[in-house]
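Asks: For reference, the structure I am asking about is given below.
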Amino acid sequence: ATGIEERLGERGWAVLLRDHGTLVRQLVEHQGGQVVKSQDDGCMCSFASSHAGLRCAIELQRTFAEKPAPDGGEPPRVRIGLHSGFVIADVSDFYGRNVVLGARIARLARGGEILVSAAIREYTGGDPSLRFESRGEQHFKGLLGEHAVYAVDWSESAG
């Protein structure tokens, strides 16, 4: 985001973040999810099902891929990571190992990419419209062991 932020300037960047935040919130709510918290240019969302979360991720990528950059330059590309599991929740935040794993997977993603855990792949793998590509076993800071990660094909031809 740094290059885009420099191109747009402080005010343009603030407007872009506001507009994108609004769009993310609308798409998340459309899939029955909620934005748990937002910080800078990222957010944490929760859904009642893995399928709803993955469908929302695909919808987000497709929407942002079609959205032109405000200055006519390279549009921002969204990085998305998904994991499923129990979390510790309070009024305004979620905590726990599963939250950390989801965040680490999101950080691993490149712009325009959806990466998911083995749990998401397992829970949604029965859907023939979804295609996954292995990204191998990953080691993440603060988490023991190896964690299988998969990229999701979100192109229009993928369902």
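Asks: Note down all Cβ pairs under 6 Å where the first residue falls in region 68-83 and is more than 27 Å from Gly53 (Cα to Cα), the second is at pLDDT 80 or above, and they're at least six residues apart or on different chains.
Replies: Filtered contacts from region 68-83: no entries.
Asks: Going through region 19-41 one residue at a time, which ones are modelled with pLDDT of 85 or more and surrounded by fewer than 18 Cβ atoms within 10 Å (Cβ to Cβ)?
Replies: Leu23, Arg25, Gln26, Glu29, His30, Gly32, Gln34, Val35, Val36, Lys37
Asks: Looking at region 98-105, is at least one residue part of a loop (DSSP other than H, G, I, E, B) and without any contact (Cβ under 8 Å) to a residue 40 or more places away in the chain?
Replies: no
Asks: Can I ask one more? May I ask you to list the residues in region 105-145 that are loosely packed, with under 12 Cβ neighbours inside 10 Å and either hydrophobic (A, V, I, L, M, F, W, C) or in contact with a Phe, Trp or Tyr (Cβ under 9 Å, 6 or more places away or on another chain) (or both)?
Replies: Selection gives Glu133, Ser134, Leu144.
Asks: Every residue in region 45-65 that is modelled with pLDDT under 90, open to solvent by 20 Å² or more (accessible area, probe 1.4 Å) and not hydroxyl-bearing (Ser, Thr, Tyr), please.
Replies: Scanning region 45-65 gives a single hit, Ala65.
Asks: Okay, next question. Residues of region 66-101 being within 22 Å of Thr22 (Cα to Cα) and modelled with pLDDT of 85 or more, which ones?
Replies: First, the residues of region 66-101 that are within 22 Å of Thr22 (Cα to Cα): 66-82, 91-94.
Those that are within 22 Å of Thr22 (Cα to Cα) and modelled with pLDDT of 85 or more: Val78, Arg79, Ile80, Gly81, Leu82, Asp93, Phe94.
The values are calculated or read from the model by the stated rules, or taken from the named source; none is laboratory data. The structure displayed is predicted, hence computed values, not measured ones. All Cβ positions, even for glycine, are placed from backbone atoms using ideal geometry, and neighbour counts span all protein chains on display. Areas reflect the complete protein model, heavy atoms only, side chains present, ligands, DNA and RNA absent. Shrake-Rupley method; radii C 1.70, N 1.55, O 1.52, S 1.80 Å.
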